[in-house]
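The values are calculated or read from the model by the stated rules, or taken from the named source; none is laboratory data. Remember, it's a predicted structure, so these values are computed and weren't measured experimentally. Here Cβ is always computed from backbone atoms with ideal geometry, including for glycine, and neighbour counts include all displayed protein chains. All accessible areas refer to the heavy atoms of the entire protein, side chains included, with ligands and DNA or RNA removed. Shrake-Rupley method; radii C 1.70, N 1.55, O 1.52, S 1.80 Å.
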Amino acid sequence: MIAWIDTVSRWAVPLLIAFIPVYGLARGVRIYDAFIEGAREGLLLAVRIVPFMVSIFVALGIFREGGGMALLVGWLRPVLDSLGIPGEVLPLAVIRPLSGGGALGIAAELIRRWGPDSYVGRLASVMQGATDTTFYILTFYFGSVGIKRTRHALAAGLAADLASVVTAVLVVRWFFGYP
Amino acid sequence: MIDLVWLLLILGGVAAAAAEGRIAAVTEAVMTSAQLGVETVLGFVGIMVFWLGLSRIAEEAGLIQALARVMAPIFRPIFPSIPRDHPALGAILMNLSANMLGLGHAATPFGLKAMQELQKLNDTPDRATDAMCTFLALNTSSVTLIPATVIALRASAQSANPTEIVAPTLVATCISSAVALAADYLFRRLGRRFG
């Protein structure tokens, strides 16, 4: 099972990189022009991410270096340990439903600080990829058609966010063989 | 909300440093962290640019539509309140497909279109319908086939195997989507009983 999943991870990106241009050409797309146009947008996107990165890196840097992180993790240790969640990913779990750019910043910081192939780094990677910005989608989508009574949509979205944190922990521990 | 969390992080750090008598650590953290933030973006600009170039080809080739067609039979039973040939389902499928392919900017217009179409089926215009709640729950737990940004981040941080998280992410995201659907169903039933 794990070997099979690992094969999927290894092949997914190369196969897509080969498949997409072939598919595009077959459908009559001018693939090189399309690529350049999209790539230009990618550059703008990267520039737009910079403020998010700096704001989050600085806030997290102050929180950690100042000693706030150690205190918080110390207080919550009994709860976190029983769930197997490392305290370091706590800010990511809190910010993920609130701000897409903010969450990306935290994931980037954790991956940088702890190393991409560490437990925290892998967990942050999976958590970042597995959910979306619940509050943003809710306010934006419902707001666009003037819905005020959102009923159980927020509760369902947050339940999914919580579930994704727990499943990320379980999947990463199972897949990479952490105790 | 994000304002509060951001402020708490900064104040928490400053207060803890002050209490422990090493306030200089705060200033140093600001300098190094700001620099690290910019360096991180620079580190993955290249992959980002390449991936969005490739994504544009996929978009123009109609890959979103193709994926939406494949998924239609799976998603029709999840939205029983939408009439069979109503455009709402098409817009929902396009939105979910674009999200799966990691095309966030393409997903949003389809999402807004889906909400407009769903609103046409709504008798109480300020109150969300069952289908809207289900759509939002699915959308917030979005299934991503290739988490390109995360791969880029990992690669720029010198990971030995940047794509090793692709399949674990897929497994986690499928489970969280299933939980989203289950929670949506459960809360809807509870709402009927008590609301």
Per residue of A:40-48, other chain Cβ atoms within 10 Å number on average 6
Quick one: Karplus J couplings for the stretch B:32-46, per residue in order, coefficients 6.51, -1.76, 1.60, θ = phi - 60°, nearest Hz, x for Gly and Pro?
5, 5, 4, 4, 4, x, 5, 4, 4, 4, 4, x, 10, 4, x
What full-extension length gain, to one decimal in nm, is calculated for A:Val8 and A:Arg77 as 0.36 nm per residue of separation minus the Cα-Cα distance?
21.3 nm
Cβ-Cβ FRET estimate between B:Arg84 and B:Leu190, R0 fixed at 45 Å, reported to 0.05
0.95
Please compute how much accessible surface disappears when B pairs with A, both sides summed, using a 1.4 Å probe, and round it to the nearest 100 Å².
8200
At most 10 other Cβ within 10 Å, DSSP loop - trypsin sites (Lys or Arg not before Pro), the stretch A:103-179:
A:Lys148
If you take each beta carbon of peptide B:144-154 and count the beta carbons of other chains within 10 angstrom, what is the mean?
6
Round to the nearest 10 and give me the degree value, 0 to 90, for the angle of helix A:119-130's Cα axis relative to the longest principal axis of chain A.
50
Sulfur and carbon atoms: percent of accessible area, the stretch B:62-194 [1.4 Å]:
63
Gained length - B:Ile23 relative to B:Val38, 0.36 nm times residue gap less alpha-carbon distance:
3.0 nm
Once phi is turned into θ = phi - 60°, what whole-Hz ³J(HN,Hα) does the Karplus curve with 6.51, -1.76 and 1.60 give for every residue of the stretch B:151-166, x standing for Gly and Pro?
4, 4, 4, 5, 4, 5, 8, 6, 5, 5, 8, x, 8, 5, 8, 4
Could you give me the radius of gyration and the Dmax of the stretch B:1-43, taking only the C-alpha atoms into account and expressing both in angstrom?
12.4, 36
Could you work out the mean count of beta carbons from other protein chains within 10 Å of each residue's beta carbon in B:120-131?
3
Explain nothing, just compute: Karplus ³J(HN,Hα) = 6.51 cos²θ - 1.76 cosθ + 1.60, θ = phi - 60°, for every residue of the stretch A:24-38 in order, whole Hz, x for Gly and Pro.
x, 4, 4, 8, x, 7, 7, 5, 5, 4, 4, 4, 4, 5, x
Within the stretch B:1-107, DSSP-loop trypsin sites (Lys or Arg not before Pro) with at most 16 other C-beta atoms within 10 Å are B:Arg22, B:Arg84
Whole Å is fine, so just give me how far the alpha carbon centre of the stretch B:28-44 lies from that of the stretch B:96-148.
34
Here the equivalent ellipsoid of the stretch A:67-177, derived from its Cα gyration tensor, has semi-axes (largest first, whole Å) of 27, 15, 14
Accessible area expressed per residue, the stretch A:55-176, with surrounding protein chains retained (probe 1.4 Å, Å²):
34
Folded to 0 to 90 degrees: helix A:68-83 orientation relative to chain A principal axis, Cα:
80
Probe radius 1.4 Å, ligands and nucleic acids left out: which of B:Ser81, B:Ser159 has the largest accessible area, and how do the rest follow?
B:Ser81, B:Ser159
Cα atoms only, the protein assembly as shown: Rg and Dmax in Å?
21.0, 68
